[in-house]
Amino acid sequence: MKVGIIDLGSNTFNLLIAEIGSKGEYKQLYRSKVGVKLGEGSFEKNYITEAAMQRGMIALEAQIAAIKNQYCDRILAFATSAIRNASNGQQFVKRVSDTFGFKIKVIDGNEEAHMIFQGVQLSGALSSENALIMDIGGGSTEFILANEDEILWKQSFELGVTRLREMFTISDPITENEIEIIEAHFDEQLAELNELLNKEHVKTLIGSSGSFDTFNDVLNARKGIPFNDELSSVEFNFQELAHHLVELIQSNRDQRSDMAGMPDLRIDMIPIAALLTNYILKRHAFKQAKLSRYALKEGVLFDVLKGNI
């Protein structure tokens, strides 16, 4: 059986096509990521603009073509923050259904966090020790305290990079005063997470796909390390990552666009992602940082393998 899984995120639409064998084994056949910016200009009003809807439909047209080319038996599509919070989110869901003939499932923050956990679990990044999983999206960021066997705590926060860019005045580069204002917002929004981590003394941070892919790809490009799509998880050089986050926060757009390994769709958003990640690393005594290249769509694949969906 072949399955096409689409993660309709607030910034990007991600496609995974996998073939599943009779004994539960699987092979990834195709992956794609399209920058859509579905939430751009909409978070303040909780409304998806017509221009954003059109970008979404164009992206889906290409991804459905890929699914048809692979002769997939099933299409599973899941939508997150931008669609679930928008007053016209269901209009987009209906437009997709009428045009392409499949239904998007809109999931809440808790279900999103659970699927992200399953994706990270499938990547092999987790161990018997508790770790904090961090998944930075356009509309929300999910934090999950977990080990390889179970979730101990999870929560979705409306701290996505597109949402934050719309909430705050952000210069190029970000000024010290702007950083203080944004970090004060983090203090307020993440009080429960900070209290939990102060008690648990978690040593490992696992970044789930997205922005963490970019951190890793830029650092590897500088060292001449070629991209390896067979690696589902990697460990960062902790000090190297910490220095790179500060570099991104202090950089201007031209500097970021000149960085080898920096995707165009991340150039404007990556300083906010770096600021949020740096905030977490500064406030807690992490000793290790990992990247899970698997996230929500692989979490859906996990459910398919288990026969849950």
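The values are calculated or read from the model by the stated rules, or taken from the named source; none is laboratory data. The model shown is predicted, which means the values in this text are computed figures rather than measured ones. Methodologically, a virtual Cβ is constructed for each residue, glycine included, from the backbone with ideal geometry; neighbour enumeration extends over all protein chains shown.
The table below gives the values:
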{"quantity": "Considering residues of region 183-216 that are touching a helix residue (DSSP H, G or I) at 6+ places or on another chain (Cβ under 7 Å) and among the hydrophobic types (A, V, I, L, M, F, W, C) only, the residue farthest from D7 (Cα to Cα)", "calculated": "F186"}
{"quantity": "Long-range neighbours under 8 Å by Cβ, at least six apart or interchain, first residue surrounded by fewer than 24 Cβ atoms within 10 Å (Cβ to Cβ) within region 75-90, second assigned to a helix (DSSP H, G or I) and small (G, A, S)", "calculated": "G89/A82"}
{"quantity": "Condition met for N69 (of a type in the set (S, T, N, Q) and modelled with pLDDT under 95)", "calculated": "no"}
{"quantity": "In region 9-61, the residues that are in contact with an Asp or Glu (Cβ under 9 Å, 6 or more places away or on another chain), free of Cβ contacts under 8 Å to residues at least 40 places away in the same chain and among the polar types (S, T, N, Q)", "calculated": "Q28, T49"}
{"quantity": "Helices (runs of 4 or more DSSP H) completely within region 208-309 that count 3 or more residues being touching a Lys or Arg at 6+ places or on another chain (Cβ under 8 Å) and surrounded by 14 or more Cβ atoms within 10 Å (Cβ to Cβ)", "calculated": "211-222, 270-283"}
{"quantity": "Any hit, region 94-112, residues being assigned to a helix (DSSP H, G or I), acidic (D, E) and under 21 Å from the mean Cα position of the chain (by Cα)", "calculated": "yes"}
{"quantity": "Residues of region 127-139 that turn out to be over 14 Å from G207 (Cα atoms) and of a type in the set (G, A, S), as a count", "calculated": "4"}
{"quantity": "Residues of region 128-149 satisfying the condition of being small (G, A, S) and either assigned to a strand (DSSP E or B) or free of Cβ contacts under 8 Å to residues at least 60 places away in the same chain (or both)", "calculated": "S128, A131, A146"}
{"quantity": "Subset of region 92-126 that is in contact (Cβ under 8 Å) with a residue 40 or more places away in the chain and of a type in the set (G, A, S) - its residue that is surrounded by the most Cβ atoms within 10 Å (Cβ to Cβ)", "calculated": "G119"}
